[in-house]
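For reference, the structure discussed in these notes is given below.
The values are calculated or read from the model by the stated rules, or taken from the named source; none is laboratory data. This one's a predicted model, so the numbers in the text were calculated from it and none came from an experiment. So basically every Cβ, Gly included, is an ideal-geometry build from the backbone, and we count neighbours across all protein chains shown. Calculation scope for accessible area: heavy atoms of the full protein, side chains included, ligands and nucleic acids excluded. Shrake-Rupley method; radii C 1.70, N 1.55, O 1.52, S 1.80 Å.
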Amino acid sequence: MKILIVGKGAREHAFAWKIAQSPKITQLYAAPGSPGIAQYAECVDLSDSDFDGLIGLVQKEQIDLTLVGPEIPLAEGIVDRFQEAGLTIFGPTQAAAQIEADKDFALELMHKYDIPTGAYATFTEPEPAREYIREKGVPIVLKASGLAAGKGVLICHTLDEALQGVEEIVVDQAFGEAGNKLVVMEYLEGEEASIFAFTDGEDLVYLLPAQDHKTIDEGDVGLNTGGMGAYAPAPVVTPELMQEAQDRIMAPTVKALAKEGRPYKGILYLGLILTADGPKVIEFNCRLGDPEAQVVLPLLKTDLVDILTAVCNSTVKDLNIELDNRAATTVVMASGGYPEAYETGFPIKGLDEAEALGDVVIFHAGTGAQNSTLVTGGGRVLAVTAMANDIPSAISHAYKAVDQISFQGHYFRKDIGHRALARLEPV
Ligand code: AMP
Ligand code: GLY
């Protein structure tokens, strides 16, 4: 079987690493790929928005299945285009991907089908939004309804901040078209977790629950980033909570989308918050999380190619998913200055030494090659994943691996997994 992976980040590297282990694979391609992905795949210099180019590649190389990593091509209809061309592709259609690409649509769907989430209202004009905010009070959450690379959310603790947020999103269009609709949402309080399912639109199978660390600074403060680390399984998601999330949120959402004429196939990502009133939805995404992919895929024992095929063929109900009973932690090594201005092009050292520790896999988030030397090429540079028998051991093993690696100005958070440690080892 020949598979094409669309994307270039550490999540797509984790997909490539996992798929390359399948005995069913004869050839793996990636577009555009990365120096990390190139260890397992032929990287073709096509962007993830060049649908004609990608379709041409698949037809020319007779690729059997295409897997799409990031949300933007999904929201722009890559799956629809491939299907019109008679090609097999893994991921939701444009209509189904609206669960992530249009937060107003997602919230309306959840309220219509009684799926637990926060109260909300959607606005296109500033004055009614201001009135609603004054009536509801703070804290309150403002969201650009469209895709804004994880940046379109403002948590407002004062009325001034909230009214300023309306200016930013609606009047100044700080998030561009994504802010054409402004969602004002109830502030939900609790610990967050990420839950992932593969679904063919009818049945669902689950990966282990994970937890991300979104901010740049230790203690979960500072600017938001693409994610500075993750671990799985997240002990905050007890087996009972996992069951509740499946029965009250995930399965009903897949059913609701089918009922609305938008059958969902692919990976459904639930951003869950564990409030005092029970688990609620913060958001849905139409893809696997990054950096969560770098911990949940290494803990998947089942051949990923079998899962991808079952989703495309609508035979998920026949799948038996086997998960590793160990734990995994990934620590993101970033360029100094990220998520603000940073420099690139610095040589990276120590990857072989880190992997030689065993049970360590290094996924490339933003690297480049200069005269066959691996150099930094992005804000987030590497995701260093380690596996061990339990979470504390996986965390310390990941940091041992990180200690082997260096590049000029490198930065990483030293507290990845702190919530799990606090839960597992109460003081
Ligand atoms: P989103 O892009 O919708 O996942 O939002 C990004 C982050 O903002 C989430 O991971 C939460 O930490 C926070 N957030 C979003 N919506 C809410 C909410 N309604 N209440 C509290 N925090 C929120
Ligand atoms: N880990 C957050 C995301 O992938 O959106």
Worksheet entry | Low-density loop cleavage sites - trypsin sites (Lys or Arg not before Pro) in the stretch 252-320, where at most 14 other Cβ are within 10 Å (DSSP) | Lys301
Discussion item. Just to be sure I follow: if Rg is taken over the C-alpha atoms of the chain and Rh is the Kirkwood radius over the same atoms, what is Rg/Rh?
Written reply: 0.95
Response to the item:
For the stretch 217-352, whose charge dipole is built from +1 on Lys and Arg Cβ atoms and -1 on Asp and Glu Cβ atoms, the candidate among Pro339, Leu274, Val316 with its Cα farthest towards the positive end is Val316
Practice prompt. Note down the accessible area of Tyr231, probe 1.4 Å, to the nearest 10 Å².
Written response: 0
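Report, in listed order, any pair from Lys151/Lys414; Lys18/Lys265; Lys112/Lys255; Lys259/Lys280 with a Cα-Cα distance greater than 18 Å. Mind showing how you got there, number by number?
Numbers: Lys151/Lys414 23 Å; Lys18/Lys265 20 Å; Lys112/Lys255 12 Å; Lys259/Lys280 21 Å.
Beyond 18 Å between Cα atoms: Lys151/Lys414; Lys18/Lys265; Lys259/Lys280.
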Fill in: Quotient of Cα Rg and 2.2 N^0.38 Å for the stretch 52-108, N being how many residues it contains
1.21
Response to the item:
The Cα extents of the stretch 222-362 along the principal axes, largest first and rounded to whole Å, are 52, 35, 30
Discussion item. Report the Cα centroid-to-centroid distance between the stretch 374-396 and the stretch 84-115 in angstrom, as an integer.
Written reply: 31
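So what is the relative contact order of the chain, in percent, for Cα pairs below 8 Å that sit 6 or more residues apart?
Numbers: 985 pairs, mean separation 68.3, N = 427.
After rounding, I find 16 percent.
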Discussion item. Skipping prolines and chain starts, which residues have an amide H placed within reach, meaning under 5 Å, of the one on Thr367, given they are 5 or more residues away or on another chain?
Written reply: Gly377
Worksheet item: Which whole-angstrom value gives the distance between the alpha carbon centres of the stretch 279-354 and the stretch 155-201?
Response: 24
